[in-house]
Amino acid sequence: MQRYDAIVIGGGLVGSAIAYGLAREGVRTALLDEGDVAYRASRGNFGLVWVQSKGDGAPHYQRWTRRSADEWPALAAELLARTGIAVGHERPGGVHLCLSEAELAARHAMMERMRVQSGNFGFEYRMLDHREIADMLPGLGPSVIGASWTPYDGHADPLNLLHALHVGFVENRGRYLPNTTVSDAMATPGDFRIGVADGEIGAPKVVLAAGLGNASLAPLFGLNAPVRPQKGQILVTERAQRVLPMPITTIRQTVEGSIMLGDSQEDVGFDTSQKPAVMQTIARRAVLSFPWLRDLQIVRAWAALRVMPPDGLPIYDQSERFPGAFTANCHSGVTLAGAHANAFAAMVAAGALEPALNLFSARRFDVPAAA
C-alpha cells in the first residue's frame, strides 16, 4: 500500500488548490482526480474572482471571500513563476448592472446591508448612475439604469488555473492520480485507507473536495456535505477587440478577446442539457446592456453544475469522529482558490481549522427549527 501524508479526493479547482498548497508546504500528497466523467464545475466556470455579492447576511463569508481575493495576486504570480502558465488574473474592480429602478433599489439596499454588516472590517462600494457607468464601459446601452461597483473584484482563466495548479502540484512532488475513482474507504482516527482500481493508498489525513461527490463520500468519514447541483449556462462570442476594462456579474471579456455571457441558476438536478429559452434570456439581457454585442457570433455554449450547499455558503469541517478527515465544499472554486491554496491547505497541514471557519461547519444545518 502506498502511503502519503495526505490524500485529496477531487481534482477540480477546489481539490487542486488545496493539494497544491499542501505540496508546497512539503506535505507528501496524493491527488485523486476522477477526470471528465465527473460533474466537474471547473470546466464550466465563468471565471470571476468575485466579492461584491458574497456574504449578505453572513459577514464571515464576506471576510473569507475578501481574504481569498487578496491572496489571488500572489497565487497568480507564483503559479506563473513555477509553471510558466499565465492564469490571466486581473483585479480592476467589477460592476453589477441594473436594468430597472427596482433592480437598482434592491442592489443598493443589499450593498448597504453588507457595508453595515462588515463592521470595522469595512466594505467599500459605490452606486453609479448611467453616465458614470458609460464613462467606464464603452458602448453601454440606454437600458442600463445604474450599477454597483467595488474595487475588490476581478477575473481569471479557470482552465489555465486548473492546469497551472496540476502542473505546480506535480512540480512540488505531489502524486497526481488521474482517472481515479474511489472504490472503497476505511476511516479510523488519523488513519485513512482509500481503495482505487489498482490497490489501496493510505494517509493520516484526507481532504474531501469531490464537489457533488462529497454528498455520498462525507458520511464514510463522519462528515456531512449536503450539497446539491445547480445548473448554470454560459454563451461565448467570437473574439473581438478588447473593450471591456473590467468584469461584470454576467459579462466578462477574456484576455484573448472572447466575451462570456451568463448566467443562469436552474434547480433541475443533474441535467446538463442546454435550454434555448434560457440562452435567449442570457443573450437578451447582454444585448440590452451592450447593444453592439448583437453583431458578434456565438461560437460556443455550455451548461455545468454548481456545487450548492443549502444556504449557498461554503462548508468546511474536520471530522470529530475521525480527526484528520476534512471536507471543503463551495460553488466559488475560482474566487476561493487563493484562500484554499494559501490558507485552508496550511490549516490541514497543521491539523486544525482556524476558529474563523467554525461558522462554515455543516453543523449549522443541525439547528432545529424554532417551534
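The values are calculated or read from the model by the stated rules, or taken from the named source; none is laboratory data. Everything numeric here is computed off the predicted structure, so don't read it as measured data. For neighbour counting, all protein chains shown are included, and Cβ atoms are generated from backbone atoms with ideal geometry for every residue, glycine included. Surface accessibility is based on the protein's heavy atoms, side chains included, excluding ligands, DNA and RNA. Shrake-Rupley method; radii C 1.70, N 1.55, O 1.52, S 1.80 Å.
Just a few scattered comments:
- Of all the numbered requirements in (1) hydroxyl-bearing (Ser, Thr, Tyr); (2) over 22 Å from the mean Cα position of the chain (by Cα); (3) in a strand (DSSP E or B), TYR176 misses one, and that requirement is (2).
- Selected residue (criterion: most open to solvent (accessible area, probe 1.4 Å)) from residues of segment 293-323 that are of a type in the set (Asp, Glu) and under 27 Å from MET186 (Cβ atoms): GLU320
- The residues in segment 304-328 that are in a loop (DSSP other than H, G, I, E, B) and out of contact with any Pro (no Cβ under 7 Å at 6 or more places or on another chain) can be counted, and the count is 7.
- Restricting segment 180-219 to residues that are outside any strand (DSSP E or B), aliphatic (A, V, I, L, M) and closer than 30 Å to GLN265 by Cβ leaves a set whose member that is farthest from the chain's Cα centre (by Cα) is VAL182.
- Set ALA102, ALA69, ALA76, ALA86: member being in a helix (DSSP H, G or I), out of contact with any His (no Cβ under 8 Å at 6 or more places or on another chain) and open to solvent by 10 Å² or more (accessible area, probe 1.4 Å): ALA102
- For segment 106-144, the set of residues classified as in a loop (DSSP other than H, G, I, E, B), in contact (Cβ under 8 Å) with a residue 24 or more places away in the chain and either buried (at least 16 other Cβ atoms within 10 Å of the Cβ) or not small (Gly, Ala, Ser) (or both) consists of PHE123, GLU124, TYR125, LEU137, PRO138, LEU140, GLY141, SER143, VAL144, listed by residue number.
- Qualifying residue in segment 186-198 (condition: open to solvent by less than 10 Å² (accessible area, probe 1.4 Å), touching a Phe, Trp or Tyr at 6+ places or on another chain (Cβ under 8 Å) and more than 24 Å from HIS340 (Cα to Cα)): no
- Residue ID - nearest to PRO309 (Cα to Cα), chosen from residues in segment 264-292 that are part of a helix (DSSP H, G or I) and open to solvent by less than 30 Å² (accessible area, probe 1.4 Å): ILE282
- Tabulated pairs, segment 179-196, first more than 18 Å from GLY324 (Cα to Cα), second surrounded by 15 or more Cβ atoms within 10 Å (Cβ to Cβ) and hydroxyl-bearing (Ser, Thr, Tyr), C-beta under 9 angstrom, 6+ apart or interchain: VAL196/THR180; VAL196/THR181
- The residue of segment 324-356 that is farthest from the chain's Cα centre (by Cα), among those that are over 24 Å from GLU78 (Cα atoms) and open to solvent by less than 10 Å² (accessible area, probe 1.4 Å), is GLY324.
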